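Read through the structure below, which is laid out as structure tokens, and then see the notes.
The values are calculated or read from the model by the stated rules, or taken from the named source; none is laboratory data. The structure displayed is predicted, hence computed values, not measured ones. Counting neighbours? That spans all protein chains shown, and the Cβs are built from the backbone with ideal geometry, glycine included. Accessible surface areas use protein heavy atoms only, side chains included; no ligands, DNA or RNA. Shrake-Rupley method; radii C 1.70, N 1.55, O 1.52, S 1.80 Å.
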Amino acid sequence: SAGKQPELKEIRLGRSIKIDKHDVGIRVDQARRFLMAGHKVQITQRFRGREMQHKELGLERLRGICDDLGDIAKIEMAPRWVGRQTSIVLAPDRNRIDALKRKMTEEQIAADEKALEEAEKARLEALEADDAEGDDDDGDEAEKKSGKGTKRGKGPADDRAVNPVDDEIADLLS
């Protein structure tokens, strides 16, 4: 199918090398999502004005990004200059991504089991607390739950369905 083919996704690091570390982190996270989905990622760094005199700053940033994504990607194309911008292409490393997905799946399963266990424990504690509070029953709750005390015999087991006017009329008639 056409939707499953890997695409080349471009991530631009702004219009200048003066981009904040946090913004670079967001771009790295986006690149990580693209790589995990099986797409290639082209990271582009632009230079403006005198920034061309300090190309090493942009190359250091690209190198840092490659180090951050090195656990799931490999460099397919080294930094290449096109005018005032440099680009690097990263390709997903299938073996590493599969291993990482397996590890994440195992951790997710363990977390889900733990959450389920805690929820069950909390539910049991709540039931025990309800039983401890409900030991002084005098039979009223059984009558409400069976629906015998309400006017229709069905619906909610509380007094929300009771109309006070109907009760007053019933008292007058009896």
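For the listed residue pairs Lys101/Lys121; Lys21/Lys74; Lys18/Lys103, the alpha carbons are over 26 angstrom apart in Lys101/Lys121; Lys18/Lys103. Accessible surface of Glu107, taken over heavy atoms with a 1.4 Å probe and every protein chain present, rounds to 110 Å². For Lys55 and Thr105, the FRET efficiency from 1/(1 + (r/R0)^6), where r spans their Cβ atoms and R0 equals 35 Å, is about 0.25. Take every Cα pair under 8 Å whose residues are at least 6 apart in sequence, average their separation, divide by the length of region 1-106, and the relative contact order is 28 percent. In the context of the full protein assembly, Asp131 retains an accessible surface of approximately 100 Å², using a probe radius of 1.4 Å and ignoring ligands and nucleic acids. Per-residue 3J(HN,Hα) values for region 45-58, derived from phi via the Karplus relation 6.51 cos²θ - 1.76 cosθ + 1.60 with θ = phi - 60°, read 10, 9, 10, 10, x, 6, 4, 5, 6, 10, 4, 4, 5, x Hz in sequence order (x marks Gly and Pro). Couplings 3J(HN,Hα) of region 83-100, computed from phi: x, 9, 9, 10, 9, 9, 10, 10, 10, x, 9, 4, 4, 5, 5, 4, 5, 5 Hz, in residue order, whole Hz [Karplus 6.51 cos²θ - 1.76 cosθ + 1.60, θ = phi - 60°; x for Gly and Pro]. 3J(HN,Hα) along region 120-126: 5, 4, 5, 5, 5, 5, 5 Hz, from the Karplus curve 6.51 cos²θ - 1.76 cosθ + 1.60 with θ = phi - 60°, whole Hz, x for Gly and Pro. Separation of region 65-109 from region 8-58 is 13 Å, based on Cα centroids. Here's how it looks for Ile11: its modeled amide H is under 5 Å from those of Gln42, Ile43, Thr44, which are all 5 or more places away or on a different chain. Residues Val89, Val82, ordered by accessible area of protein heavy atoms at a 1.4 angstrom probe radius and largest first, appear as Val82, Val89.
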